[in-house]
Structures are given as structure tokens and as C-alpha cells.
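Structure first, commentary second.
The values are calculated or read from the model by the stated rules, or taken from the named source; none is laboratory data. Treat the numbers as computed from the prediction; the structure is a model and nothing was measured. With ideal geometry, Cβ positions are generated from the backbone for all residues, glycine too; neighbour counts draw on all protein chains shown.
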Amino acid sequence: MERQRFHLTGGRDRNVAEEARPGEDEFRVDIERIRFSPFFSRLASVTQVIPQAGSGTVIHNRLTHSLKVSAVARSIAITLNNADEATRDTVSRLGGCDPVVVQAAAAAHDLGHPPFGHLGEKELDRVSRTMLRLDDGFEGNAQTFRILTALDSCEATARGLNLTRAVRAAVLKYPWERGEWTGDQASSAARMPRGVGDDVGEGAMKFSAYATEVEEMADVLSAFPAIGKYQQTLECAVMDVADDIAYAVHDLDDFYRSNVLQYTAVSAELGRWLRDCRELAALDSSELDRRRPGHALEAIRRHTQEKDPWIASEEAFRESVERVNRDLVEGLLGVPYDGGLEADRAVTGFTRRWIDRLQASIVVDPDPHIRSGHVRLSQEAWHDVVVLKFVHARFVLERSDLAVYQRGQTRIIASLVEGFHEWLLDPDEATRIPRRLVDSVEAATQEYSDLYARNPAALGKEGAAGIVRRGRARAVVDYIASFTDAQAMSVNALITGASEEPWEAGRGL
């Protein structure tokens, strides 16, 4: 098969051997299993950044975002396979880059995200570690890997989708466990992988496997001997870059169409920085006031210089601010969105230009910096994404009206965890616990029992006594993380006694 050349043989291995169907490609089987999964369908009702309700227009959800990441990732993979001979040789040596593998990884990359976007993820992690005492808490990427390898099922096995090693490896954006960095306070952020975070006192902020899946993570990565420790596979790096591109560009499309992103505020921030950047650069950090135009952007410039000196450049940063100011602010935002055909053409043109520009700015790096990957954006494009993400964060995510709404949503997450955990501890109500949650408790408890048998140290000082507690806690997290936004709200109303529709809201529990 012609596409066989795109990948090393080891990447095609599965945990459970399956008889190949004539003419059927292994990676195509993987992507179909992911796309037909109920976990994938659920993403249509999970918030990407801002909720659909009340936005006044159709906006991205986790499913549409995943589809767009998949399209961008495929384009990048095809470009790499059609590149010059030296680039193709590097790609081959690093394990290959199959377009279907990167599409599968892109389709799967957000499966583990809980209700209510990134704030929901943060809150579920907090209550998992405090209320449920789970050492590795909750992390969306680790949950994705857990879904693919343990929670979902297929015709070949009841545990996981039995995907190829290549596809499983391609979702490991942060190929370490939470505890790997615990207490490593001596290292600066610039010398640790991206995603570990600034405060590793309690472990890494981002990671790709819980204790129950660490061994499987090591196994799939062993199929890529040319990939160094803490580095993504090349296909994972393609997916990660595609995710950055889609997040930076497509989400701005949403904010413009919903009139959340306003010309006046963005123009004042970028314009003031461009005019007074030298003066702002001379200020002490204590003198930066984020409420004043230009100051927040200057803080981001300093942040990139501190964390990513390997690529950050004052000149490149300024040029990116100029580009974004010219095309986004003065170009797109200069004419408010009115829902007309001309406005639609304007935003579509902006999106297409920037996607094309960033997709064409891909670099293959055989020896990447620890905070980068084997596939990355060029220095110029990297700064473009930094500035676009700044606009997104500063003028959307930091809005107080959105913050009020999100704070209410975090209370729902905490309430659900408390409610279901207390229910599991109530012997008088044990027979009425939702069947799916009961099954999850049994499965998770068995996972911790098996883990203890293989590696007693994995459960710490608590040892075997913690097997049942951990299984119960992990099952509650798995259960709530699988809800849609609407389901989380309706089920919380049920479990707190606020709903008068038990039959409708409780259906499917």
C-alpha cells in the first residue's frame, strides 16, 4: 500500500490483535472508531470557549473545533509528506507522519474535556484533589487518553477502542504523568516542557496520563525510539500546532460574529503599545497597570521573553502586533458585524488568509527545544499566534460578564461531585444509584487493584486500603466529565432538589 511509507510498522500495533479486512487501512479503522464514539458525539454539546446560549449566533463547540483542527492537521501532514527530500527524510526518521493518524488524533484530542470549557476542567481538577483526594486529580488530556484506552469500547475489546500505537501516541500532547515534576522548584519555566506550569509543587499542570494509564503511555511511546523523553511524536506535534492555529483564528471568528470583540477596546490596546512600546518597555513590572491601554500587551511581551527565550524576539513581536492590528483591528473589526453577506465574506476572508498563512509557516525541527516540538511554527508565525491569543484572552475571557456566568458553572461541577460521591457512600440508597455509575465504580476499582498488584508504590502510603476509595472517586470524575453542558445543569438541578422534572432530566443517567 502506497501510504505504508508514511509510517513505521510498530505504530500499527494494537493491544488486541485484529484480523485485517482486505484493502482496509489500520489508521482508517481508528479514525472511524473515534468518530462513531458517543464520546465524540457528545462534543457537539460541550462549550469551546463561550456558551451557545445567549450568544446570538452560531458559534464553535468542541465538536466543530475538533473537525477544524482535523482539517488543518491533515493539510500540514500532506505538506510535510510532499516537502523537499531532506524534510521527508527527517519525518521518516522520526517515525513518520500519516495524514489519517493526525486527523484521528485531532478528532480525539478534546474527548476528555468536561462540561463548561477550561474553567470546568480547572474546577473538576480542584475538587478531585481536595474533596475526593485523587493525587492526579483531573486533566482533560489525561482523560482523553483514558477514554481511548479504558472507558470507551469496541467490537474487539470492552476496554478502550483498541487503537494503533501511532494514534494513541498522537494524542499525548504532554507525555508525562502529573507527579513527574512534583517538587522540582529549582528549574525555571524556560527549562521545563510547555504545559508543566509555573508552580510544580503539586505536580505538572498539564499531563497526558493518570497513574492507571502510565504504563500504556510508555508502551505506545516505545514504538517511536527516535523521539526523545518529554517530546511529542511528530504526528502529535502536527495535531498540537493545528490546535493552536484553529484556536487562535477560528475562535476570533466567533467573537466577531457575536459582537463580543469590539473595535474600540482592541484598537486602543494595540495602538497604544505600537505608539509607546519603548516607553512601556522601560517601566518596572510593578508599574504596569493592566487597566491602561498597552500595558497588558507589554506584560505578554515580557512573559514570552521570560518563558520562551529560544524563540521570542522583540522585533518579531512588534511585527506581529502590526500585522494583527492592520488585518484584524483596522480591517475586520473596523466594520461591525451586521449579519449581512458582505460581513460574512469579510470574516471568511480573514479566517482563510490567516489559516493559509499559519499552515504555510511550518518548521520541522530534528532537535527541538524542550518547550517546542519536532513540528512547530516559524518564529514569525509563532508570534502571530501569541498576539491573536492575547486578543482572545484579554477581550473575551477576561470579561466580567463571562466570569460571572463561569463562576456559576464551577459551582455546578463542585455540587455534582459532592452529590454523587455522597450518594455512593450512602448504604441505604445503594440500589438506586445510576447503573452507569455503578459499572464505572466496579471498573475503576478493578483498575486500581490491578495497578497495586503490578506496582504497590503507585498507591503511595495508603496502599491496598486506598483501592476502593480511589476507584469510587475516579468513577465519579469519569461520570461527571462525560456530561454535556446541558446535562450537567439538569442533573445538578435534580441532585440538589431544584428540578420538578425528574423523568425528563434524569433520562439516560
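With the condition kept exactly as written, say whether any residue in the stretch 456-473 is of a type in the set (Val, Ile, Thr) and modelled with pLDDT under 95.
Taking every residue of the stretch 456-473 in turn, none turns out to be of a type in the set (Val, Ile, Thr) and modelled with pLDDT under 95.
Only a single item in (1) closer than 26 Å to His421 by Cα; (2) surrounded by fewer than 23 Cβ atoms within 10 Å (Cβ to Cβ); (3) of a type in the set (Asp, Glu) is not met by Glu139, and it is number (2).
So, in the stretch 83-95, of the ones that are part of a loop (DSSP other than H, G, I, E, B) and among the aliphatic types (A, V, I, L, M), which residue ends up farthest from Val167 (Cα to Cα)?
The first filter runs over the stretch 83-95 and keeps only residues part of a loop (DSSP other than H, G, I, E, B), leaving 83-84, 94-95.
Within this subset, residues satisfying the condition of being among the aliphatic types (A, V, I, L, M) are 83, 94.
Values: Ala83: 23, Leu94: 15 Å.
Checking each candidate, the answer is Ala83.
Taking the criterion of being surrounded by fewer than 12 Cβ atoms within 10 Å (Cβ to Cβ) and outside any loop (DSSP other than H, G, I, E, B), the residues of the stretch 331-363 that qualify are Leu341, Glu342, Arg345, Thr348, Arg352, Asp356. One residue alone among Ala204, Ala156 is part of a loop (DSSP other than H, G, I, E, B) and in contact with a Gly (Cβ under 7 Å, 6 or more places away or on another chain), and that residue is Ala204.
For the residues Ile245, Ile300, the requirement of being β-branched (Val, Ile, Thr), touching a Phe, Trp or Tyr at 6+ places or on another chain (Cβ under 6 Å), at pLDDT 95 or above and in a helix (DSSP H, G or I) singles out Ile300.
Only one entry in Ala281, Ala299 is over 26 Å from Asp367 (Cα atoms), loosely packed, with under 13 Cβ neighbours inside 10 Å and either among the aromatic types (Phe, Trp, Tyr) or out of contact with any His (no Cβ under 9 Å at 6 or more places or on another chain) (or both), namely Ala281.
Given the criteria modelled with pLDDT under 95 and part of a helix (DSSP H, G or I), does Phe255 qualify? Answer is yes for this residue.
All conditions in (1) under 16 Å from the mean Cα position of the chain (by Cα); (2) buried (at least 23 other Cβ atoms within 10 Å of the Cβ); (3) modelled with pLDDT of 95 or more hold for Ala166, with the sole exception of (1). Look at the stretch 257-281: where a residue is more than 29 Å from Leu402 (Cα to Cα) and a partner is modelled with pLDDT of 95 or more and of a type in the set (Lys, Arg), sitting 6+ places away or on another chain with Cβ atoms under 7 Å, you get Cys277/Arg318. Among the residues of the stretch 96-126, those identified as assigned to a helix (DSSP H, G or I) and buried (at least 24 other Cβ atoms within 10 Å of the Cβ) are Val101, Val102, Gln103, Ala104, Ala105, Ala106, Ala107, Ala108, Gly120, Leu124.
Need the failing condition index for Gln232 against (1) surrounded by fewer than 19 Cβ atoms within 10 Å (Cβ to Cβ); (2) in a loop (DSSP other than H, G, I, E, B); (3) at pLDDT 95 or above, just the number. Answer for Gln232: the failing condition is (1). Figure legend. Inter-residue proximity from the stretch 460-471: first residues without any contact (Cβ under 8 Å) to a residue 60 or more places away in the chain, second residues among the aromatic types (Phe, Trp, Tyr) and part of a helix (DSSP H, G or I), beta-carbon distance below 7 Å, spacing 6+ or different chains. Indicated pairs: Ala464/Tyr452; Ile467/Tyr448; Ile467/Tyr452; Gly471/Tyr448.
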